[in-house]
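These notes concern the structure reproduced below.
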Amino acid sequence: MPLYYTDPNEFSLETDSQNIQAAVNAAHENGCNHVVIPRINGRTGQPLWVIDTTILLPSHMYVEIDNAHLRMADGVFCQMFRNSHADTPISATAEGQQEDIIIQGCGRALLDGGVHNGLREDTALKDGLPGIYNNLTIWFHNVKNFKIDGLTIRDQRWWAIAFAFASQGIVSNLRFEITDKSWRKGHPLNPEHPWRNQDGVDLRVGCHDIQIFNITGETCDDVVALTALAEHGQNQKRFEDIYHCHHLSSDIYNVDIRNINAFNNHCAIVRLLCHFGNKIYNVSIDNIIDATPMEHPVAVEEGQRTACCIKVGENGYHRNIPELGCQHGDLSNIRISNVFSNALTAVNLNCSVRDLDVRNIQVDAKGINAVSVSLVTGGAHTALDKPSNLTTLENILVDGIYFRSEQPEAAPVFVNNMRAENFRIMNLQYAGETPVQVLQPREDSQAIILE
């Protein structure tokens, strides 16, 4: 009878990580390329697998997590899974590219960060601690044809899933859970706040042709982030430069994001950000639901409120050198549709963008804006009277806003201090005396067209 999969319970090594890695290695060697991690751990007899070293996945590997609970061991500094070439000398080369890696959850497949290990962005590389990327749950670098599906990820120690120079992939049917609420003690600008930046899914520099869909639950920071921030290998302190693949494009493009029903702590459900000449284009975002519980307070500083359902760009992260920031045309061809928001802003435009199509935004009782062109970052989420960015917006269509906010400072559209060319707003339904609270384009701009 042919061998269809290997099971870590077939091995008798000292740790759960060693047994899982042995199953992966055996599946790779015997050619079945399929590992099933079952619910019961044969080594302990318990429904728990404790991970104390990273599980390394070769190409053409299918890991099936069958109703199993995998939890990071206390005090360790490692990822749960990564592709086997990552962090090796060939990882950023054409020869180092891997392919066909699948992590598939079945039933209640749970990846658990466990007790936080104290490694955060403010403590990384200090007092003997390693780099923050060691706290990723899943890390794929220079991988094509991949799939991550059917998982619940709980209390991720940093970002849950991150990719760089990854392509032709699917990330789907994920649920994020935050049970450790210590991150809600205050605002991240408060030095006593143990900020962990617990993103959900991050496409970093060089990712393309990827689908992300059916994502639910709660994250501490952005739920889905597309961030192209590499300085093309020049800044070796930046995560994306350490893993830069010079033979590949650094742009992020051809990304389809849909069916996101989630919320977070003062950040965005979907975020697009690029600087240093990197581009983001051909992105479709559809059916984004802000699931912030209604009993949560309105104030972002309470740490229980989504700031933006969708944040397009940001004037930051480029060392305050304007020529290194997002230039006009770097963010282009973005399609957004069906956004249901109680966030401060449903769609925030925070730097130059060209060819943006936004359709069908619904803002409910706790929302502030349907569309804003303003600085919405860090502790300034509610400072809508003090936008500071100079933005060029070209070929912008907003078609369909249903606005019924009950907040006293609410306005369907908030814009200030921008340069607009062909900016149209159509089919706006609202309650209140005026559809626009603040509308102050620059003197050299074309007037915004309200239809």
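If the condition is being under 22 Å from C78 (Cα atoms) and assigned to a loop (DSSP other than H, G, I, E, B), then region 12-42 contributes L13, E14, T15.
Per-residue answers, yes or no, for (1) buried (at least 22 other Cβ atoms within 10 Å of the Cβ); (2) in contact (Cβ under 8 Å) with a residue 40 or more places away in the chain; (3) under 19 Å from A162 (Cβ atoms):
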{"site": "E10", "(1), (2), (3)": "no, no, no"}
{"site": "A27", "(1), (2), (3)": "yes, no, no"}
{"site": "L56", "(1), (2), (3)": "no, no, yes"}
{"site": "E64", "(1), (2), (3)": "no, yes, no"}
{"site": "S84", "(1), (2), (3)": "no, no, yes"}
{"site": "I90", "(1), (2), (3)": "no, no, no"}
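If you go through region 314-348 and keep only what is touching a Cys at 6+ places or on another chain (Cβ under 8 Å), modelled with pLDDT of 90 or more and in a loop (DSSP other than H, G, I, E, B), you end up with just D330. Looking across region 399-411, just one residue is closer than 16 Å to I336 by Cβ and either among the acidic types (D, E) or assigned to a loop (DSSP other than H, G, I, E, B) (or both), and that is D399.
If only residues of region 213-233 that are hydroxyl-bearing (S, T, Y) and more than 16 Å from L331 (Cβ to Cβ) are counted, the one that is surrounded by the fewest Cβ atoms within 10 Å (Cβ to Cβ) is T216. Checked against the criterion of being closer than 21 Å to I252 by Cα, of a type in the set (G, A, S), over 18 Å from the mean Cα position of the chain (by Cα) and modelled with pLDDT of 80 or more, region 358-367 has no qualifying residue. Checking each residue in region 153-176 for being of a type in the set (V, I, T) and under 13 Å from the mean Cα position of the chain (by Cα) picks out I161, V171. Every condition in (1) farther than 17 Å from G313 by Cβ; (2) at pLDDT 65 or above; (3) touching a Pro at 6+ places or on another chain (Cβ under 8 Å); (4) not aromatic (F, W, Y) holds for A420 except the one numbered (1). Only residues that are touching a Gly at 6+ places or on another chain (Cβ under 8 Å), among the aliphatic types (A, V, I, L, M) and part of a loop (DSSP other than H, G, I, E, B) were counted across region 72-87, and they come to 1. The conditions of being in contact with a His (Cβ under 9 Å, 6 or more places away or on another chain), buried (at least 24 other Cβ atoms within 10 Å of the Cβ), in contact (Cβ under 8 Å) with a residue 12 or more places away in the chain and polar (S, T, N, Q) are met by S352. The residues of region 401-411 that are surrounded by fewer than 18 Cβ atoms within 10 Å (Cβ to Cβ) and under 17 Å from R424 (Cα atoms) amount to a single one, Y402.
Within region 225-260, if we keep just the residues that are of a type in the set (A, V, I, L, M, F, W, C) and part of a strand (DSSP E or B), the residue that is farthest from V339 (Cα to Cα) turns out to be A228. In summary, strands (runs of 3 or more DSSP E) completely within region 88-178 and bearing 1 or more residues that are polar (S, T, N, Q) occur at 98-106, 143-154, 167-177.
Set side by side, the residues I178, I132, I153, I170 differ, and just one is modelled with pLDDT under 95 and either buried (at least 24 other Cβ atoms within 10 Å of the Cβ) or under 22 Å from N261 (Cα atoms) (or both), which is I178.
The values are calculated or read from the model by the stated rules, or taken from the named source; none is laboratory data. Keep in mind the model is a prediction, meaning the values are calculated, not measured. As a convention, Cβ positions derive from the backbone with ideal geometry for all residues, glycine included, and neighbour counts pool all protein chains shown.
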